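First up is the structure itself, then whatever we jot down about it.
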Amino acid sequence: MHRLGAGFLTVSALSLMPIMTMPATAQESALPRLDPVGTSIVDQEDGITLDVRQRVRDEFTPMGLRLGSFQVYPTVAVGAGYDSNLFANPTNRKGAALVQFEPSISARSDISNGEIRLDASSRLTRFPGNGDGDETSYRLSASGRYTVAQSTDLEAGAQREQLVERRDSSGRPDGVVTPIRFFQTQAYMRLRRDNGTFRALANVDYTVFDFRSTQALSSTGEIIDVINQNARDQNSLRASLRGEYMITMGLSVFAEGTGTRISYRLAQSSPGIPNLDGTNLTVIAGLMFGTNQLIQGSVGAGYIRRSFKTNRFATISGIAANADLRYFLTPLVTLSFIASRSVEEAVLQGSTGFIANGLELRADYELLRSLILNAHGAYRYNDFRDSPRVDKIFEAGGGARYSANRRLSFDLDMTYLRRTVKNDIFSPTYNDVRATISTRFSL
C-alpha cells in the first residue's frame, strides 16, 4: 500500500515484462500517486516463472550492446491507431487518428557486490489535425544496489517523470479539458534483509508532484478557459516497514506499516478553503503464495486512516485491502486477479477524497511460442466523501504480441472504456474506444 492506496490498476504493462526484454515506458497515470514499495511478492527459481507475461523466451530476448562496463538495451516503437472520443466529451464526440513514437534505452552494469541501472523512455502520441489532444510523457531514472553484508542489500535511486493523467481519473478537473500533464520527481532508499525464512524491508522516499495548467473546452471543442492546477501540487514523505515470514515452502505471512506526511504547495485549494495537508497511515497483513505454486501472489487486509492538518475536515478511515494473484490454469494460460480498496484524493472536486474500490481480471494465452494473446476487464467504484458524487468506471479490451525474432515484434491493443458519474453535473459521463497497432525494434 502507498500514500493514496493501492496502485495496482495503473501498473504499466511493459513493466511486467522480463527486466532484460525492454525498459519500462512512460505511461498514463490514473492519479498522482506513489508507486507501491517494491517487495518480493512472487519468487522465481533459477529465473523460471510460470507467468505467461513474464516468462523469458531466450530466442526472442534482445541481446543489447556492450559499452564499456554497461550492457545497453535500446528500443524504438512506432504505431498508429484511432481514438473514438479524443476529449472524453459526453455530447460531441470527436474521433481522431493517432500516431505514436516510443524510444527507450536501458543500461545495466554489474559492480562489485551490486549493480547500477539507468533508464530513459518516452511516449509521443500525436493526433494529426487535433493538436490540442497531443500527449507527451517521459521517464528518466537511475538506481543502484549494493550488498552491505551477507543477506543484506541497500538500494537507492531517483527518477523524474512527466505523465499524462488518464481521462477517467476521478481527481481531474470537472468538465471537458485537454490532456493533463504533471511532473513526478522521486528519490528513495531501501534496506532489504533476507535470510531465507525471514525477510524485512525498510523504505524511505520523497516525492514531488507538479501539475501543469490545462484548457477547458466547450461542447463543440473550442478552448474557453485556462484551468490553473497549482492547488494540486504537493510533496509526500513516506516511510514503511515490512516483514515476511515463511511458514512452508511457497507460503508466507507478511505485515506492513506505512506512514506518509502530505504537504500541498498552496495553503488553500480555493479562496477560503484550506488545502488537504495531513498524514496517511496504513497497516496491512496477509498471506503470500510463492514459488512453484499453481496460485502465486498475495492477499492482504488492514486499516487505512487519512487525517488532515485542519479540523475543518473529518478524518477518512476504514478497511484497506488488496489482492494480486495469478492462477496458472495450464502452462500456456495465466489468469490474473487484482483487487484493492483505498483512499484517494480529490482536491478540485470540493471533497476531501473518496474511497476507491477496484477489481481487475486478465487472461494471457500463449497460442504460439511467438504469439501471446490477452483479454482483460476492470471495474472501479469511487465513492466521494463530503459529496454525493459517485464514479463508476468499466474497462474491457484485448490484444496480442507477436515476436518475429530478437529484434522485431508487433503489438495490437484495443480498449473500451465507460465512465459514469452520478450527482455531479459538471463532470462528464462518457465512453471511448481506442485501438493501436505498433511495431517494436530492439538491439
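The values are calculated or read from the model by the stated rules, or taken from the named source; none is laboratory data. Note that the structure is predicted; figures quoted are calculated from it, not measured. Backbone-built Cβ (ideal geometry, glycine too); neighbour counts: all protein chains shown.
Brief remarks follow.
- Of residues in the stretch 109-124 being touching a residue at least 60 places away in the same chain (Cβ under 8 Å), closer than 20 Å to Y188 by Cβ and not acidic (D, E), the one surrounded by the most Cβ atoms within 10 Å (Cβ to Cβ): S121
- Number of positions in the stretch 130-142 that are under 18 Å from Q162 (Cα atoms) and crowded, with 17+ Cβ neighbours inside 10 Å: 6
- Top-ranked residue in the stretch 404-443 [being among the β-branched types (V, I, T) and surrounded by fewer than 19 Cβ atoms within 10 Å (Cβ to Cβ); ranked as farthest from the chain's Cα centre (by Cα)]: I425
- In this structure, I355 does satisfy being within 27 Å of L325 (Cβ to Cβ), modelled with pLDDT under 95 and either assigned to a strand (DSSP E or B) or of a type in the set (K, R) (or both).
- Those residues of the stretch 248-267 which are surrounded by fewer than 19 Cβ atoms within 10 Å (Cβ to Cβ) and more than 17 Å from N235 (Cβ to Cβ), in sequence order: T248, M249, G250, L251, V253, A255, G257
- T334 modelled with pLDDT of 95 or more and not acidic (D, E): yes
- Subset of the stretch 83-97 that is more than 23 Å from the chain's Cα centre (by Cα) and assigned to a strand (DSSP E or B) - its residue that is nearest to S218 (Cα to Cα): A96
- Pairs meeting the criteria (first residue in the stretch 88-103 and closer than 27 Å to V78 by Cβ and surrounded by fewer than 16 Cβ atoms within 10 Å (Cβ to Cβ), second residue at pLDDT 90 or above and aliphatic (A, V, I, L, M), beta carbons under 8 Å, at least 6 apart or on different chains) are G95/L86; A97/A80; V99/V78; V99/A80; F101/V76; F101/A77; F101/V78; F101/L124.
- Here is the figure for the stretch 357-403: residues that are closer than 14 Å to S170 by Cα and in contact with a helix residue (DSSP H, G or I) (Cβ under 9 Å, 6 or more places away or on another chain) total 5.
- Residues of the stretch 267-283 that are at pLDDT below 95 and either of a type in the set (F, W, Y) or in a loop (DSSP other than H, G, I, E, B) (or both): A267, P271, G272, N275, L276.
- Flag if F127 is surrounded by 15 or more Cβ atoms within 10 Å (Cβ to Cβ) and closer than 23 Å to N235 by Cα: no
- Considering the stretch 285-326, and only residues there that are hydroxyl-bearing (S, T, Y) and assigned to a strand (DSSP E or B), the residue that is surrounded by the most Cβ atoms within 10 Å (Cβ to Cβ) turns out to be S298.
- The residues on offer are S151, S218, and the sole one that is within 30 Å of T352 (Cα to Cα), in contact with a strand residue (DSSP E or B) (Cβ under 9 Å, 6 or more places away or on another chain) and at pLDDT below 95 is S218.
- Residue check for V226: under 30 Å from V52 (Cα atoms) and assigned to a strand (DSSP E or B): no
- When R261 is tested against the conditions (1) under 30 Å from D210 (Cβ atoms); (2) modelled with pLDDT under 95, the lone failure is (2).
- Selection status of D168, among the acidic types (D, E), in contact with an Asp or Glu (Cβ under 9 Å, 6 or more places away or on another chain), part of a loop (DSSP other than H, G, I, E, B) and surrounded by 16 or more Cβ atoms within 10 Å (Cβ to Cβ): yes
- For the stretch 79-123, the tally of residues that are hydrophobic (A, V, I, L, M, F, W, C), within 25 Å of S69 (Cα to Cα) and at pLDDT 90 or above stands at 5.
- Residue check for A216: farther than 30 Å from V177 by Cβ, within 27 Å of the chain's Cα centre (by Cα) and of a type in the set (A, V, I, L, M, F, W, C): no
- If only residues of the stretch 371-387 that are of a type in the set (G, A, S) and surrounded by fewer than 16 Cβ atoms within 10 Å (Cβ to Cβ) are counted, the one that is farthest from V56 (Cα to Cα) is G377.
- Yes/no for R190 being surrounded by 14 or more Cβ atoms within 10 Å (Cβ to Cβ), free of Cβ contacts under 8 Å to residues at least 60 places away in the same chain, under 22 Å from S106 (Cβ atoms) and under 25 Å from the mean Cα position of the chain (by Cα): no
- Those residues of the stretch 339-371 which are aliphatic (A, V, I, L, M), closer than 15 Å to N280 by Cβ and touching a residue at least 60 places away in the same chain (Cβ under 8 Å), in sequence order: V343, A346, V347, A356
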